[in-house]
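Comments concern the structure below.
Laboratory data are not the source of any read-out in this text; all were calculated from the coordinates shown. On a predicted model such as this, the values are computed, not experimentally measured, just so you know. Note that we place each Cβ from the backbone using ideal geometry, even for glycine, and neighbour counts take in every protein chain shown.
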Amino acid sequence: MSNTLIFTGLVDYTARKWAAFSHLNIRPITMKMVLLDRKNHTILAASTNAGSTLMLGTRWGLSVVFVSLATLLIGVGEARSQAAQLQVCNQSNQTAYVAVARHAGFNDPRLILSGWYNVGPDSCNTFNVFIPWGDFYLYADGDQGGVWSGNDTRFCVTDQAFSRWVDPSPGCPPGLYVVGFNRYYTSGTSVVTWNLNP
């Protein structure tokens, strides 16, 4: 038993020593271990040269993945900190269906148009729609003929649920129709509330 502990300690010590010099790309030439029990059955067999290049590549690849993921998460958090979540409060007696046009990101000129987000009568819904600080556009219509529109800009929508980039070309493709949106502005807030009055 004491031979096993000494052998294990020697292996750990050797691995730590080589790890300290790993940045120099120095590797042991050969380090094979075979640990046998009293009946000469193999308990542990290892070799540091076999697959060491593969392990080094895997470790480097995993490092790149983790750093990239951390950078992405920081970027998403930063983008969300400069955006407001959309809340719609419907004070009418009909179900309202909302469409929103918002920039793709903070200081990004491209617009994403999506809908339909429904809000029941006399209720408020907060949607998983984040509006980057700046201009955004809203339109809603009700199931009993109510319309909350504007003349600030016009976008092509469809009766089905949608999410797409705004096409700057004039006219609407087949199956879409034009509606007028109200323009709003947000900055420094975490939630934007649009009240739909009767």
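So what's region 83-196 giving for Cα Rg divided by 2.2 N^0.38 Å, two decimals? Compactness ratio reported: 1.01. Need the C-alpha centroid separation for region 124-146 versus region 91-118, integer Å. If you average the Cα positions of each part, the centres end up 4 Å apart. Residues in region 104-120 carry Karplus couplings, in order, of 5, x, 4, 6, 9, x, 5, 10, 10, 10, 9, x, 10, 9, 9, 10, x Hz; the curve used is 6.51 cos²θ - 1.76 cosθ + 1.60 with θ = phi - 60°, and Gly or Pro positions show x. What net charge is computed for the residues neighbouring Leu196, neighbours being all others with C-beta under 11 Å from the C-beta of Leu196, Lys and Arg scored +1, Asp and Glu -1? Charge balance in the 11 Å sphere: -2. Placing +1 on the Cβ of every Lys and Arg and -1 on the Cβ of every Asp and Glu, with no other charges, gives region 83-196 a dipole of roughly 220 debye about its Cα centre. Among Phe181, Phe106, Phe155, Phe130, sorting on how many other beta-carbon atoms sit within 10 Å of each Cβ, with the fewest leading, yields Phe106, Phe130, Phe155, Phe181.
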